[in-house]
Amino acid sequence: MALFSAEQSFLGIDLGAGNIKMVELRNEQVRPRLVTYGAYEVPHNQIIDNDWSKRRPEAVAALKEVLRQSKAQSKLVVSALPTFAVFSSLISIPPVGPKELANAIRLEAKKVVPRPIDEMILDWKEIQPTTDSADLKGGGGEDDSGLGKITDTKTGQQRKILITAAPKDLVDDYVAIFR
């Protein structure tokens, strides 16, 4: 598991709609081991919405209580943002050099991201070409991912990039909660 280096542990924290769940994992003999866990349930009549970033003081207090009760020790956190706030899309860009790649991705992302790109944190990953037998024979068809045939980037054809964008203010709120 690449997340772990020698003797490190991490907190995995899920800020759900009506609860907070936490696990602490430690690397032992090249395998993650559960050290402790905890959870906080919001009373049903107190659930306002499913966005903890709008309820930061409550989130911080609940998280501190979960950490206290579970006796978690790690200070490193891995978490996910709520799916309703994160945007993902597969884009195509023309062949460009390494120096122009980031700018080309931002230009294409502006076309599909529903908020101004300057208000978002943008990340991307190039989707590698498929190597199934249909592609080697020059046949068409879709790959197993359902994304369609992805072309080879070295032939001068379009490059497929998976982009993910999240609002900067939401990311800042989550970082503040975890600090």
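Here is a check on your reading of the model: is residue 24 among the charged types (D, E, K, R), in a helix (DSSP H, G or I) and either under 15 Å from residue 163 (Cα atoms) or modelled with pLDDT of 90 or more (or both)?
For residue 24, the condition - among the charged types (D, E, K, R), in a helix (DSSP H, G or I) and either under 15 Å from residue 163 (Cα atoms) or modelled with pLDDT of 90 or more (or both) - is not met.
From the list 146, 140, 156, pick out the single residue that is touching a Lys or Arg at 6+ places or on another chain (Cβ under 9 Å) and modelled with pLDDT under 95.
Every option except 140 fails the conditions.
So which residues in the range 155-177 are part of a helix (DSSP H, G or I) and either crowded, with 17+ Cβ neighbours inside 10 Å or in contact with a His (Cβ under 7 Å, 6 or more places away or on another chain) (or both)?
Result: 170, 173, 174, 177.
From the list 92, 88, 53, which residue is of a type in the set (Ser, Thr, Tyr) and assigned to a helix (DSSP H, G or I)?
53
Output the residues belonging to the range 83-108 that are under 15 Å from residue 120 (Cβ atoms) and open to solvent by less than 20 Å² (accessible area, probe 1.4 Å).
Passing the criteria: 91, 105.
Suppose we filter 117, 121, 91 for residues that are closer than 10 Å to residue 161 by Cα and of a type in the set (Val, Ile, Thr); which single one remains?
Only one candidate passes the filter, namely 91.
Restricting the range 40-62 to residues that are modelled with pLDDT of 85 or more and in contact with a strand residue (DSSP E or B) (Cβ under 6 Å, 6 or more places away or on another chain), which is surrounded by the fewest Cβ atoms within 10 Å (Cβ to Cβ)?
Residue satisfying both the conditions and the ranking: 41.
Go through the range 75-103 and give me each residue that's among the hydroxyl-bearing types (Ser, Thr, Tyr) and more than 30 Å from residue 8 (Cα to Cα).
88, 89, 92
The values are calculated or read from the model by the stated rules, or taken from the named source; none is laboratory data. Predicted, not measured: the structure shown is a model, and the values here were computed from it. Neighbour counts run over all protein chains shown; Cβ positions are idealised from the backbone, glycine included. Only protein heavy atoms, including side chains, enter the accessible area calculation; ligands, DNA and RNA are left aside. Shrake-Rupley method; radii C 1.70, N 1.55, O 1.52, S 1.80 Å.
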